[in-house]
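**Student:** Here's a structure for you.
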Amino acid sequence: MKILVVTPFLPSPPRFGGQRRLDGLLRSLAKNHEVSVLSFTATDEFKEASLAATQEYCREVVTSPDLEFVDQRRKRALQLRSLTSPHSFEHLLVSRRTEFLEQLQVMVDQGQYDIVQVEFVQMAALRFGLQKQRRYRTVLDEHNIEFDIVKRTASAEVGAARRLYSAVDWRKLQREERAAWRWFDGVAVTSERDGAVLSELEPKARVTVVPNGADVEHFRPSSAPPEADNLLFFGAMNYYPNNDGVHYFVQHVFPLIVAKRPRVKLWLVGPAPNDIKALAGPNIEVTDFVDAVEPYIDRASAVVVPLRIGGGTRLKIVEAMAKAKPVISTRIGAEGIDVVSGESALLADDPQDFADHVERVLADASLARRVGEAARKLAVERYSWPALVSGLERFYEQLLASPPTVAS
């Protein structure tokens with residue numbers, strides 16, 4: 001098949017969660033299909049390396065500069081405009097880029113593609129013209145159901161301003177998201193829960209579940225033993241659900257652990273805004289962005305995922321599982337991943353229960369090893385990229401064998 005993937009950023013080399021999904025999917029697809037990419041690209045120190053890495057496995061890579069505003073004052077102006085607009089800020093950010101839409105239209109009309117896949121619902125604001133007798137089918141890859149995350153934020157323990165903004169924004173996002181589900185021939189989601197939410201709202205939409213996965217050959221267990229009393233959270237902490245989870249853990253859970261194990265160390269690894277950097281102290285290390293997260297996972301005694309808001313599935317859990325690390329998570333954090341608490345992960349929502357699970361793993365090496373080994377087995381069997389992509393390929397074939405959706 002000839003596949004065009006439309007994305008807000010280049011997928012490779014993967015430095016954060018969205019890139020990791022794209023990199024895993026596209027590299028696996030490219031082994032059996034001809035893949036091209038149309039993408040925005042940031043003007044930063046990673047630009048050239050990202051372009052070169054993506055070109056390694058793609059037939060064609062076409063880019064347009066800077067989806068995000070370089071001038072933050074312009075971003076704030078658009079955010080203010082969105083407050084009185086029927087559209088979300090995310091929709092307005094993408095739809096203003098008419099030159100990108102024109103390039104997309106040219107590629108769709110001339111490329112003779114079988115599949116045109118759009119990554120993230122905000123990119124669905126680019127509604128290209130559909131030929132009446134088209135050979136291709138359109139697919140939306142929903143990394144999360146975005147309105148659902150914002151709706152959860154509106155009812156979470158957050159500041160009044162964010163709660164108010166989220167209460168308004170999730171309704172806009174829901175209208176846009178439902179319209180996109182009707183417009184595309186098919187939608188891929190990352191969890192059964194997200195699929196159920198979609199199907200309840202739009203029962204005629206064709207949907208498949210393609211969970212987040214891991215490169216299980218790359219994320220292999222280390223032969224070196226972990227460092228004692230070493231806890232790890234990794235992920236982009238400038239992403240609100242991660243930011244909220246870290247603050248919750250540091251304020252309500254970590255002190256309970258320190259009280260029993262004064263030498264415990266928590267590593268916060270990933271892009272970190274100032275409010276996260278301010279958490280650094282005798283028992284907390286904040287690295288900010290790192291080139292590779294694997295050494296930090298290898299050194300960890302356990303990985304914590306204390307999320308209270310979320311959707312889809314967490315790449316951080318699957319990658320930690322692939323490295324045979326015991327994961328302690330909230331149930332929302334582990335949502336969409338087929339772990340069994342006490343076997344392939346430890347789940348808790350109450351601060352004391354969460355702290356008790358962490359303390360048990362730190363104190364009992366055999367328990368940590370048993371949970372980690374079960375997690376690795378689950379990751380290899382169900383969450384390797386080749387296995388996940390085979391399901392996506394079957395979905396493509398089903399769409400191509402069916403009449404296209406009449407876009408609304």
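The values are calculated or read from the model by the stated rules, or taken from the named source; none is laboratory data. As the structure is a prediction and not an experimental result, all values here were calculated from the model. Neighbour counts run over all protein chains shown; Cβ positions are idealised from the backbone, glycine included.
**Student:** Within the stretch 69-92, identify whether any single residue is buried (at least 16 other Cβ atoms within 10 Å of the Cβ), closer than 30 Å to ALA167 by Cα, in contact with a Leu (Cβ under 9 Å, 6 or more places away or on another chain) and charged (D, E, K, R), and answer yes or no.
**Tutor:** Checking the stretch 69-92: at least one residue is buried (at least 16 other Cβ atoms within 10 Å of the Cβ), closer than 30 Å to ALA167 by Cα, in contact with a Leu (Cβ under 9 Å, 6 or more places away or on another chain) and charged (D, E, K, R).
**Student:** Under the condition of being among the acidic types (Asp, Glu) and assigned to a loop (DSSP other than H, G, I, E, B), which residue from the stretch 140-169 is modelled with the lowest pLDDT?
**Tutor:** Top of the filtered list is GLU157.
**Student:** Go through the stretch 170-194 and give me each residue that's over 17 Å from ALA124 (Cα atoms), of a type in the set (Asp, Glu) and either free of Cβ contacts under 8 Å to residues at least 12 places away in the same chain or crowded, with 17+ Cβ neighbours inside 10 Å (or both).
**Tutor:** Passing the criteria: only ASP194.
**Student:** I've got another one for you. Take the residues in the stretch 1-26 that are of a type in the set (Val, Ile, Thr) and under 17 Å from the mean Cα position of the chain (by Cα); name whichever of them is surrounded by the fewest Cβ atoms within 10 Å (Cβ to Cβ).
**Tutor:** Filtering first and then ranking leaves THR7.
**Student:** Cβ contacts < 7 Å: first residue on the phi < 0 side of the Ramachandran plot, restricted to the stretch 365-376; second residue in a helix (DSSP H, G or I), any location; separation 6+ or different chain. Result?
**Tutor:** Pairs found: LEU367/ARG360; LEU367/VAL361; ALA368/VAL361; ALA375/MET321; ARG376/MET321; ARG376/ALA322.
**Student:** Another one. Output the residues belonging to the stretch 27-45 that are over 25 Å from GLN105 (Cβ atoms) and surrounded by 15 or more Cβ atoms within 10 Å (Cβ to Cβ).
**Tutor:** ARG27, SER28
**Student:** Where in the stretch 1-114 are the strands (runs of 3 or more DSSP E), entirely inside, with at least 3 residues that are under 30 Å from PHE233 (Cβ atoms)?
**Tutor:** Once the strands (runs of 3 or more DSSP E) in the stretch 1-114 are filtered for at least 3 residues that are under 30 Å from PHE233 (Cβ atoms), what remains is 34-41.
Listed here are the residues, each with its yes/no results for (1) outside the structural domain of PHE354 (by TED's automatic domain parsing); (2) in a loop (DSSP other than H, G, I, E, B); (3) more than 21 Å from the chain's Cα centre (by Cα); (4) within 22 Å of GLU217 (Cα to Cα).
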| position | (1), (2), (3), (4) |
| --- | --- |
| LEU268 | no, no, no, no |
| VAL286 | no, no, yes, no |
| ASP291 | no, yes, no, yes |
| ARG308 | no, yes, no, no |
| GLU319 | no, no, no, yes |
| ILE328 | no, no, no, no |
